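Beneath this line is the structure, given in structure tokens, with notes to follow.
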Amino acid sequence: MVNSRSTMSRADIVRAVTDLLGADQVDTDATRLRESSVDRFRKYTSVHGIYDGPIPAAVVYPTSTDQVAQLLDFAHRERVAVVPRTGGTSTEGGLETVVEDALVIDGSRMDQVLHVDAENMMATTQCGVPLQDLEDLLRAQGLTTGHSPQSKPIAQMGGLVATRSIGQFSTLYGAIEDMVVGLEAVFPRGQVTRIKNVPRRAAGPDIRHVVIGNEGALAFITEVTVKLFRWYPDNTRYFGFLLPDFAAGVALLREVVTAGYRPSVARLYSPEDARQHFPDHPMDQNLVVLTAEGPTPLVEATATAIEAMAAAVEHQSISETVIRAWFESLNWGVDKIAAEKSVMLETAHLGYTTEVSVDWSRTAELYDAVMTRIRTTFPRLADLTMLGAHSSHSYQTGTNLYFVYDYAITCEPREEIDLYHLPLNAIIVEEALRVGGSMVHHHGVGKYRTPWVQEEHGSAYYVLSGLKRVFDPHNIMNPGSVYPMDEDGRAVLTESPVS
Ligand SMILES: Cc1cc2nc3c(=O)[nH]c(=O)nc-3n(C[C@H](O)[C@H](O)[C@H](O)COP(=O)(O)OP(=O)(O)OC[C@H]3O[C@@H](n4cnc5c(N)ncnc54)[C@H](O)[C@@H]3O)c2cc1C
């Protein structure tokens, strides 16, 4: 456990932030503090009321950029650790407060849609706007962001940008990094930094990418401007194909995407994973799901190509109605999260995921390698009730693999992470790196993939290190996230390229 580097007592920290913001923006309720010390990586221990890590000093709710700047200026001067937060749907420990007496800076009260510019096709929001609220507002005007992560009902704009999130329609609209036009962020010394909205620029490296994906480890995102697209709600076509071989499914996705078509959804499910969504799914079949959306002529051309490419391989088709109905219930709101908690408590059974990315040429190899290694080496194999994978985001050069695993917990709740989640996660990450892929596709590094972050970046890790050194020299910003941390609470950085 790392102690705060601050010389201030917990009570003094709370007093100082109360002086800055006022009492109604500072929460020290014991339950709130405990629940704010973790995220969904510890969803099992938290349903059992186990919170073993450091508990934050306070959750603070700024309502303006100026208040965020005051908070970060104070935290930087006094060496108080801060953990930015918005929707709270983080899955990789990004919200864990691993340093004593940290402040959780919750941006969810910065919840204004500031501007919808339908001529220049941009919308600007504060960080605490739930994506679902923005989408509802836009769709009423015939517009969409095109962003649709499964957590859309809860996740908010700041967190979505901070984690490099991606949505179900990514093959057409891209991921969040393709959508962000400009933004405003506050760096630790309280520097308010605005990256203006322009269609493109060639004025040196793209500094949006210092902020996008920083996971709160460099800056607090206060405002985001995203692109808008026209919304064509009545034109979407849905396709489902059963294929006997996972590698054949990968080849079909590759064929559609590299031929130049842009289906909005391009997915492949292993039999075990498909069975989770379709109870009658045959266990000797993989499932490819594609959708086409947009202006009618484009949808027709994409649909014709999809049907022709599927016809060239052995398959059975699934009805459009079945696939459409499935999509309409795919997202997770607070109701599904609450139901999951009850099931975990009643059955001592849960599911987790680890997502990575890989070139086309090694996708089937990675899938086979992970399935085989888990089935032959995972010590608690008897407790594994489901192991599968899907590809849900495809690119010109490759795709992602999203491994899913469910297990029955036959140990003390406190041991669950060490005995199940960490070893399974490690196998997937190690295999992805071994085949030249990325250890994380869209959930972020959080606190639990930091052991591999240097291997992920190789000789470029010193570039990432340089950002931390310059912008957050005292490592107050979400310590332990993205950058590994030593026992004294310092970020582990390198000064020169080491491979
Ligand atoms: C059921 C479920 C489904 C999911 N589906 C998807 C999916 O389809 N695609 C996907 O990409 N992810 C998905 N996720 C993961 C998660 O929803 C995303 O990472 C999302 O972007 C987090 O947004 P949030 O507002 O909840 O952020 P939080 O959980 O509050 O924070 C996430 C991270 O960002 C940092 N952060 C938060 N706000 C700020 C800020 N204003 N400035 C700087 N840093 C900040 C936090 O410190 C933390 O490290 C899913 C999660 C769940 C629980």
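The values are calculated or read from the model by the stated rules, or taken from the named source; none is laboratory data. What you are looking at is a predicted structure, and each value in this text was computed from that prediction instead of being measured. As a convention, Cβ positions derive from the backbone with ideal geometry for all residues, glycine included, and neighbour counts pool all protein chains shown. Note: accessible area is taken over every heavy atom of the protein model, side chains too, but ligands, DNA and RNA are not part of it. Shrake-Rupley method; radii C 1.70, N 1.55, O 1.52, S 1.80 Å.
With all protein chains in place and a 1.4 Å probe, the accessible surface of the chain carries 50 percent carbon and sulfur.
Report the equivalent ellipsoid semi-axes for the stretch 395-441 in whole Å, largest first, defined as the square roots of five times the eigenvalues of the gyration tensor built from alpha carbon atoms.
On the way: eigenvalues 153, 24, 9 Å².
They are 28, 11, 7 Å, listed largest first.
Over all Cα atoms in the stretch 10-108, the spread is summed up by Rg and Dmax: 12.9, 38 Å.
With all pairs of different alpha carbon atoms counted, what Kirkwood hydrodynamic radius in Å does the stretch 449-499 show?
On the way: mean 1/r = 0.0919 Å⁻¹.
Value: 10.9 Å, from the Cα pair sum.
Comparing GLY204, PRO479, ALA339 along the charge dipole axis of the chain, the residue lying farthest to the positive side is GLY204, per the Cβ-charge model. Across the chain, the relative contact order, built from alpha-carbon pairs under 8 Å that are at least six residues apart, equals 16 percent. In the context of the full protein assembly, THR171 retains an accessible surface of approximately 10 Å², using a probe radius of 1.4 Å and ignoring ligands and nucleic acids. Counting heavy atoms of the protein chains alone, ARG324 has an accessible area of about 100 Å² for a 1.4 Å probe. For a 25 Å ceiling on Cα separation, which of these pairs sit above it: LYS341/LYS468; LYS227/LYS336; LYS43/LYS447; LYS336/LYS468; LYS196/LYS468; LYS227/LYS447? As for pairs spanning more than 25 Å Cα to Cα, those are LYS341/LYS468; LYS227/LYS336; LYS336/LYS468; LYS227/LYS447. Taking K and R as +1 and D and E as -1, what net charge do the other residues with C-beta under 12 Å from the C-beta of PRO244 add up to? Counting the neighbours of PRO244, the net charge comes to -3.
Here is the list for the stretch 248-339: GluC sites (Glu not before Pro) lying in DSSP coil, each with at most 13 other C-beta atoms within 10 angstrom of its C-beta, are GLU314.
From most to least packed by mean Cβ count within 10 Å, the peptides 273-285, 391-403 give 391-403, 273-285. Near ALA75, once Lys and Arg are set to +1 and Asp and Glu to -1 for all other residues with Cβ below 12 Å from its Cβ, the sum equals 0.
Compute, for the chain, the length of the dipole vector about the Cα centre, with Cβ point charges of +1 (Lys, Arg) and -1 (Asp, Glu) only. Units Debye, rounded to 20. Walk me through the intermediate numbers first.
Working: 42 positive and 63 negative charges, 182 e Å.
Around 880 debye, computed over the chain.
What percentages make up the Cα-Cα pair-distance distribution of the chain when the bins are 20 Å wide from 0? All Cα pairs considered, the percentages come to 23, 57, 20, 0. Look at the dipole of the chain built from charges on Cβ: of PRO497, ILE105, PRO233, the Cα furthest out on the positive end belongs to PRO497. Over the stretch 105-239, the pair-distance histogram of Cα-Cα distances with 5 Å bins from zero comes to 2, 10, 21, 25, 21, 12, 6, 2, 1, 0, 0 percent, rounded to whole numbers.
Around TYR420, what is the net charge, scoring Lys/Arg as +1 and Asp/Glu as -1 over all other residues with Cβ under 11 Å from its Cβ? Display every interim value, and only then the final one.
Details: positive: ARG380; negative: ASP383, ASP406, GLU415, GLU416, ASP418.
For residues surrounding TYR420, the net value is -4.
Of the listed residues THR304, THR145, THR65, the order by accessible area with a 1.4 Å probe, largest first, is THR304, THR65, THR145.
Given a 1.4 angstrom probe, what's the average accessible area per residue across the chain, in square angstrom?
Values: 20340 Å² over 499 residues.
Using a 1.4 Å probe on heavy atoms only, each residue of the chain averages 41 Å².
Under a model in which nothing but the beta-carbon of Lys, Arg (+1) and Asp, Glu (-1) is charged, the stretch 1-44 shows a dipole of about 340 debye around its Cα centre. For the pair the stretch 1-40 / the stretch 290-328, the C-alpha centres are spaced 51 Å from each other.
What does the C-alpha gyration tensor say about the overall shape of the stretch 237-328? Classify as rounded when a/c is under 1.5, otherwise prolate if a/b is larger than b/c, or oblate. Write down the numbers at each step before the final one.
Details: a/c = 2.09, a/b = 1.37, b/c = 1.52.
It is oblate, given that a/c is not under 1.5 and a/b is not larger than b/c.
What shape does the stretch 334-434 take by its C-alpha gyration tensor, where a ≥ b ≥ c are the square roots of the eigenvalues and a/c under 1.5 counts as rounded, a/b above b/c as prolate, and the rest as oblate? Oblate is the answer for the stretch 334-434, as a/c is 1.5 or above yet b/c matches or exceeds a/b.
Taking every DSSP beta bridge that has both ends in the stretch 10-108, the antiparallel portion is near 20%.
Specify whether the C-alpha gyration tensor of the stretch 82-138 places it in the rounded, prolate or oblate class, a ≥ b ≥ c being the square roots of the eigenvalues: rounded for a/c under 1.5, otherwise prolate if a/b is larger than b/c and oblate if not. In terms of gyration-tensor shape, prolate. When TYR420, TYR51 are compared by accessible area of protein heavy atoms, the largest-first order is TYR51, TYR420, using a 1.4 Å probe.
Which FRET efficiency value, to the nearest 0.05, is calculated for LEU345 and ALA30 with the Förster distance at 22 angstrom and r the Cβ-Cβ distance?
Values: r = 21 Å, r/R0 = 0.95.
The calculated FRET efficiency here is 0.55.
The charge dipole of the stretch 10-108, taken about its Cα centre with unit charges on the Cβ of Lys, Arg, Asp and Glu (plus for the first two, minus for the last two), comes to roughly 240 debye.
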